[in-house]
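The values are calculated or read from the model by the stated rules, or taken from the named source; none is laboratory data. Keep in mind that this is a model prediction, so the values were computed, not measured. Here Cβ is always computed from backbone atoms with ideal geometry, including for glycine, and neighbour counts include all displayed protein chains.
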Amino acid sequence: MDKLFFLIILLCSFESFATDTLKVGDEFQDCNTCPKLIVVGPGSFIMGDDDNYKYERPAHKVTIDYPYALGKFEVTFDEWDACAQEGPCKKDPDDHNWGRGIYPIINLTYDDINVYLKWISQKTGQTYRLPSEAEWEYAARAGTTSEYWWGDKPGKNNANCRKCGSQWSGLGSAPVGSFRPNPWGFHDMHGNAWDWVADCWTPHYAMAPTDGSARLDGDCQQRVTRGGSWYYFPKLSRSAYRYKNHVNVFSYNISFRVLREIRP
């Protein structure tokens, strides 16, 4: 009887461990060297923009009916180095002498990023991946419908992009968290460095998924990037703007942030 009781307790404990009890807006980490995450709740939004670049059309409603956790910041050099020290990640990507530490990791190919995602998933026992561009834009807008989360004009010192009025604008990356977060707590969704996302490139939204999933029927050697960067003008940092890069490209303009799936 005692052994049976112990087995029941053990099974209940495992089930509790394997199920997330996170709430919308919670901030957490799965380990000390893991990226900080914020829980995003289900909801709907209008993705894209019919009044700007052709790549953003047609604007369409997307409904995400599941929660997920997204990186509060882009992955940093410190977080990347934790993977490199344990073996699988590429050693010492070039930081262009801007700084390592809490600067966003740069100069990675798409395959390099997948090595990191596999490593952190194995390390934590959780599913980490790149967000789809719908998941990314939903979090970037954070309930807003304006060009940027703070309004329709870039303003001054709201983000790190060319002629955006910050000390880094047009010069290089800023340490993550150098600018105000959006209403859901995410930093640098506009500017600083492009974020790779999971979608294959298609130069329009015709027949795009409306459930938050990544679009994988396009040119998968070209993957979508979102958010703009320190090098580009502010219009390319708008919530709706999208472009692409080849999966073999590595650049001082491109970084990534992680998505961690939430278990029901």
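Pairs please, first residue from region 21-40 and more than 14 Å from TRP184 (Cβ to Cβ), second anywhere and at pLDDT 95 or above and in a loop (DSSP other than H, G, I, E, B), Cβ atoms under 6 Å, 6+ apart in sequence or on different chains.
Here the result reads GLN29/LYS36; ASP30/GLN126; PRO35/VAL75; PRO35/VAL258, each pair linking region 21-40 to a residue that is at pLDDT 95 or above and in a loop (DSSP other than H, G, I, E, B).
Just wondering, is there one or more residues in region 65-85 that are free of Cβ contacts under 8 Å to residues at least 12 places away in the same chain and in contact with an Asp or Glu (Cβ under 8 Å, 6 or more places away or on another chain)?
Within region 65-85, one or more residues are free of Cβ contacts under 8 Å to residues at least 12 places away in the same chain and in contact with an Asp or Glu (Cβ under 8 Å, 6 or more places away or on another chain).
What's the number of the condition THR63 fails, among (1) surrounded by fewer than 18 Cβ atoms within 10 Å (Cβ to Cβ); (2) outside any strand (DSSP E or B)?
(2)
Within region 223-236, does at least one residue satisfy the condition of being part of a strand (DSSP E or B), under 17 Å from ASP111 (Cβ atoms) and in contact (Cβ under 8 Å) with a residue 60 or more places away in the chain?
The answer is yes, given that some residue of region 223-236 is part of a strand (DSSP E or B), under 17 Å from ASP111 (Cβ atoms) and in contact (Cβ under 8 Å) with a residue 60 or more places away in the chain.
Is it the case, given these coordinates, that PHE250 is over 26 Å from ILE38 (Cα atoms) and touching a residue at least 24 places away in the same chain (Cβ under 8 Å)?
On the way: over 26 Å from ILE38 (Cα atoms): yes; touching a residue at least 24 places away in the same chain (Cβ under 8 Å): yes.
In short, yes.
Identify the residue in region 24-45 that is in a loop (DSSP other than H, G, I, E, B) and among the small types (Gly, Ala, Ser) and, among all such residues, is farthest from THR127 (Cα to Cα). Working first, answer last.
Restricting attention to region 24-45, the residues satisfying the condition of being in a loop (DSSP other than H, G, I, E, B) are 24-26, 29-36, 41-42.
Of the ones still in play, those that are also among the small types (Gly, Ala, Ser) are 25, 41.
On the way: GLY25: 19, GLY41: 17 Å.
This residue is GLY25.
If a residue has to be assigned to a loop (DSSP other than H, G, I, E, B) and either without any contact (Cβ under 8 Å) to a residue 12 or more places away in the chain or on the phi > 0 side of the Ramachandran plot (or both) to count, how many in region 151-165 make the cut?
Selection size over region 151-165: 7.
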